[in-house]
Amino acid sequence: MPASAALALLATHVKLDPTFTPVKDDQSCRWHANTARGDFEILTTGVKWYDTRARHGGGGAIDLTMHLLGVSFVDAVKRLVNE
């Protein structure tokens with residue numbers, strides 16, 4: 001699952017930043033997202049993601065779910081399966 005699709009499922013509000021100009025990969029996008037844990041600025045490229053404020057990234061929807069929602073691996077999988 002692309003990180004952008006997972007982000008749309010997980011955030012209460014998500015908005016693409018149209019002013020963002022990718023540096024390394026033309027497919028990269030910057031998103032502003034809000035969850036119960038706060039506001040995030042996330043860069044996505046395919047399945048990879050990077051939180052610019054926390055300076056933390058990963059690959060895959062499960063890692064993104066764990067990061068955004070502060071849940072365990074098992075709870076992240078359950079959340080994604082139920083979406």
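Annotations
- Residue tally, condition free of Cβ contacts under 8 Å to residues at least 24 places away in the same chain and not aliphatic (A, V, I, L, M), over the range 1-16: 2
- Here Arg30, Arg79, Arg37 are screened, and the one residue that is surrounded by 13 or more Cβ atoms within 10 Å (Cβ to Cβ), of a type in the set (Lys, Arg) and at pLDDT below 95 is Arg79.
- In the range 28-76, residue farthest from Ala3 (Cα to Cα) [restricted to those that are among the polar types (S, T, N, Q) and in contact (Cβ under 8 Å) with a residue 24 or more places away in the chain]: Thr35
- Filter result (under 10 Å from the mean Cα position of the chain (by Cα) and hydrophobic (A, V, I, L, M, F, W, C)) within the range 21-48: Trp31, Ala33, Phe40, Ile42, Leu43, Val47
- The range 1-20, residues that are under 14 Å from Thr45 (Cβ atoms) and either within 8 Å of the chain's Cα centre (by Cα) or hydroxyl-bearing (Ser, Thr, Tyr) (or both): Ala3, Ser4, Ala6, Leu7
- One residue stands out among those in the range 49-73 that are among the charged types (D, E, K, R) and surrounded by fewer than 18 Cβ atoms within 10 Å (Cβ to Cβ): the one that is nearest to the chain's Cα centre (by Cα), which is Asp51.
The values are calculated or read from the model by the stated rules, or taken from the named source; none is laboratory data. Computed from a predicted model, the values in this text were never measured in an experiment. We place every Cβ from the backbone using ideal geometry, glycine too, and count neighbours over all the protein chains shown.
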